[in-house]
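No lab work stands behind these numbers, since they all come straight from the coordinates. What you are looking at is a predicted structure, and each value in this text was computed from that prediction instead of being measured. Reconstructed Cβ throughout: ideal geometry from the backbone, glycine too, with neighbour counts over all protein chains shown.
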Amino acid sequence: MPRFGKDFKMFDVILPTLSLDITDLLDDTLRQCSICQAVAEWECMQCYGDLDITPGHLKQYCQTCNTQVHSHRKRVSHKPVKIAVPQGPWSGPMHYTRQRMSLFAVTCIETSHYVSFVKHGPQASDWLFFDSMADREGGENGFNIPQVRACPEVCRYLGLSEEELSRVDASSLRESARRLLCDSYMCLYHSPELSLYKEILNDSSGSLDVFVR
């Protein structure tokens with residue numbers, strides 16, 4: 001996101017979205033026609049800036065809608081591209097399994113030092129704040145003391161709508177919320193359904209068993 005020090009911030013506040021729908025960015029995946037919700041077979045880059053057709057959405061069409069859209073005189077010069085569609089008896093409006101990724105961390109920078117907010121559990125309030133240089137021991141030749149602390153209050157702001165956020169006075173925010181919203185630089189997402197984790201068990205014989213799920 002466009003953040004670099006105090007001298008250049010394109011936006012005073014940036015609200016990270018909690019979920020990203022990446023369905024229409026994936027190859028060889030069923031995609032919906034942006035007009036009739038049937039299976040999309042065509043995509044048109046020249047239509048992207050056309051506010052007359054589903055503004056704010058990718059411009060992807062079924063065969064019928066593609067023909068109708070590009071019959072208009074101002075779009076006859078467009079060059080729609082064929083989309084790879086998985087094999088199957090696809091027809092008519094369909095119910096799709098949307099592929100979504102969830103926010104699990106936000107890296108923030110105010111001037112020259114990065115800090116992070118990291119989600120550590122399933123609850124909306126399960127957020128931690130991490131600062132690798134929160135304190136220092138021994139002066140210039142000493143060492144940094146990191147800090148990790150619970151930060152459940154940020155979930156209140158992450159759940160705000162755009163309209164609600166526009167009414168928030170940034171100067172009145174608590175320190176943690178201010179850093180998250182005013183200094184956010186990079187958002188990290190993952191797919192909960194595809195997440196892997198390791199479970200390490202130490203049995204009585206001293207051997208280690210590792211399970212990857």
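At-a-glance table
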quantity	calculated
Whichever lysines have a C-alpha closer than 28 Å to that of K9, once near sequence neighbours (fewer than 8 apart) are set aside	K119
Fewest-first sequence of V81, V118 by Cβ atoms within 10 Å of each Cβ	V81, V118
Set of aspartates and glutamates near K74 by C-alpha distance (under 15 Å), chain-local residues within fewer than 8 positions excluded	D50, D52
Region 37-71: chymotrypsin sites (Phe, Trp or Tyr not before Pro) falling in loop per DSSP and having at most 11 other Cβ within 10 Å	Y48
